[in-house]
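Input: a single structure, listed below in structure tokens.
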Amino acid sequence: MSVWTGGAFDVVVVGAGIAGSAFAALLAPSGLRILLLDAAPRPPRLPPLAATIDEVDLRVSALNPASVRLLEQAGAWQRLPREVASPYEHMRVWEEDGTARIGFDAAALGEPVLGHVVENRWIVATLLARLDEAANVVVRGGETLATLEQRAAGASRTRLWLASGAAVEAALVVGADGARSAVRTLCAIEAAERDTGQRALVATVTTERAHARTARQRFLTSGPLALLPLALPAGGQCCSIVWSADEALAEELLALDDAAFAARLGQASEHALGGIEAVSRRLAFPLRPLHAASYVAPGVALVGDAAHVIHPLAGQGINLGLADVRVLADELQRARARGLALADEGVLARYQRRRRGDNALMLETMDVLRRLYADRRPGVRLARNLGVAAVDALSPLKRALMRRAAGLG
Ligand SMILES: Cc1cc2nc3c(=O)[nH]c(=O)nc-3n(C[C@H](O)[C@H](O)[C@H](O)COP(=O)(O)OP(=O)(O)OC[C@H]3O[C@@H](n4cnc5c(N)ncnc54)[C@H](O)[C@@H]3O)c2cc1C
């Protein structure tokens, strides 16, 4: 087998998670020479259909309609087996410490569904399957970015070195390498990170009652708990849970045996779906929202978690990442149509202008919500309950919120 030594490309995408793979797939029809690389080995072609809760990927995403449309455009959505995408038409949100409830229904938005819950490994696998058909795209697993030479003024290419020793050159480097982005660090882009002191515990569970295509979220004073409906394993009684809690509580929940954890989860969800009948293995992720001071540097653009990490309480992380991908691909197409270089300063500046403000607003909103719901003072609780009840009763405001969450506003 010959050793891969690198080469010259128009675009090098570092990171083949959802954001990086979607960006490469969206750009593939342009004919540009694209390299998509990832430190992890390339995953198996298509994952198995989960037959038990232990076979479900613990990382799932609630994709809004705008993200689904983007994955369609990227040629991935059509490849998902129907049962892998779990549609939900309703959302119910309520809290531990109050009376107000708020509900959202797809019908009110004029959309068939509010979103789809999909295992992350399936999203990536279908994007990579699409890329396998593109002769102009090279996908390399097991390649870690080690060094990046900052581009001198006036230079038209950036050089990168991989840990394997391969050297690569690109007109544009796209950093899609996640929260601990090496591209961001190597470009000396600062990122404000906030340690919430919380962790998000994830697991897959079977519930006594069917989820009825409804996503549920209960704000506990210790943090939000989400139950996302899954179509697989079959039966309509499986959910993926995301339970955000302070370090100590997260540790305690991780250490419980399955029966004790199921009992705690049943209480925490106020038995909205009856008892919890079975629980998969559990994992916890640290919750450290982060925002890059800039999304661009000479010859470089950041997308997805490399640019922003948001609290998962509204399931917006990858939806924002895919919105970055759409806008960056759009700006690059416009640049080409106007005969501009891919990494033209004005082109990258426009990308940043179109995305950073929106993302900052969403990050701020999530932080305010998280703190508001953690506040136990009676006055705050009363105001919160009145506010939620008012929003629920005010259909224009509620509709505006729903459109925003759906990526339509
Ligand atoms: C518990 C939890 C639940 C969530 N639920 C939702 C949800 O319901 N909906 C939603 O929209 N979002 C959700 N999110 C957020 C979502 O998971 C992330 O926003 C999303 O996965 C980020 O995708 P990404 O492609 O930007 O980065 P990543 O998925 O982190 O991918 C980065 C890739 O880059 C590679 N890489 C890293 N460093 C290097 C290097 N030096 N060289 C080469 N490759 C490298 C990595 O191997 C990885 O494959 C959730 C997050 C958490 C923690």
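The values are calculated or read from the model by the stated rules, or taken from the named source; none is laboratory data. Because the structure is predicted, anything quoted here is derived from the model rather than measured. For neighbour counting, all protein chains shown are included, and Cβ atoms are generated from backbone atoms with ideal geometry for every residue, glycine included.
Quick look at the numbers
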{"read-out": "Conditions (1) crowded, with 17+ Cβ neighbours inside 10 Å; (2) in contact with an Asp or Glu (Cβ under 7 Å, 6 or more places away or on another chain); (3) closer than 17 Å to G15 by Cβ; (4) not assigned by TED's automatic domain parsing to the domain that holds A25: number failed by H90", "value": "(3)"}
{"read-out": "Residue list for region 135-165, filter: touching a strand residue (DSSP E or B) at 6+ places or on another chain (Cβ under 7 Å), hydroxyl-bearing (S, T, Y) and at pLDDT 95 or above", "value": "T144, T147, T158"}
{"read-out": "Answer residue from region 303-312, given it is among the aliphatic types (A, V, I, L, M) and in contact with a helix residue (DSSP H, G or I) (Cβ under 6 Å, 6 or more places away or on another chain) and is modelled with the lowest pLDDT among those", "value": "I310"}
{"read-out": "Residues (in contact (Cβ under 8 Å) with a residue 60 or more places away in the chain, near the ligand (Cβ under 8 Å from one of its atoms) and outside any helix (DSSP H, G or I)) located in region 308-348", "value": "V309, G315, Q316"}
{"read-out": "Subset of region 1-46 that is within 9 Å of the ligand (Cβ to nearest atom) and among the aliphatic types (A, V, I, L, M) - its residue that is nearest to R184 (Cα to Cα)", "value": "V14"}
{"read-out": "Residue among A293, A191 that alone is of a type outside the set (S, T, N, Q), closer than 30 Å to A343 by Cα and touching a His at 6+ places or on another chain (Cβ under 8 Å)", "value": "A191"}
{"read-out": "Qualifying strands (runs of 3 or more DSSP E) (wholly inside region 1-88; at least 2 residues being without any contact (Cβ under 8 Å) to a residue 60 or more places away in the chain)", "value": "none"}
{"read-out": "Members of region 186-236 found to be among the acidic types (D, E) and modelled with pLDDT under 90, listed by number", "value": "D195"}
{"read-out": "Checking V124 against (1) within 11 Å of the ligand (Cβ to nearest atom); (2) part of a loop (DSSP other than H, G, I, E, B), the condition it does not meet", "value": "(2)"}
{"read-out": "Matching residues, region 123-175, being closer than 30 Å to V84 by Cα, crowded, with 22+ Cβ neighbours inside 10 Å and among the polar types (S, T, N, Q)", "value": "T126"}
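Yes or no, residue by residue, for (1) more than 30 Å from G235 (Cβ to Cβ); (2) touching a His at 6+ places or on another chain (Cβ under 9 Å); (3) modelled with pLDDT of 95 or more:
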{"site": "A16", "(1), (2), (3)": "yes, no, yes"}
{"site": "S67", "(1), (2), (3)": "no, yes, yes"}
{"site": "L71", "(1), (2), (3)": "no, no, yes"}
{"site": "W94", "(1), (2), (3)": "no, no, no"}
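Residue-by-condition table, conditions (1) in contact with a strand residue (DSSP E or B) (Cβ under 8 Å, 6 or more places away or on another chain); (2) surrounded by fewer than 19 Cβ atoms within 10 Å (Cβ to Cβ); (3) on the phi < 0 side of the Ramachandran plot:
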residue: E247; (1), (2), (3): yes, yes, yes
residue: A255; (1), (2), (3): no, yes, yes
residue: E277; (1), (2), (3): yes, yes, yes
residue: L290; (1), (2), (3): yes, no, yes
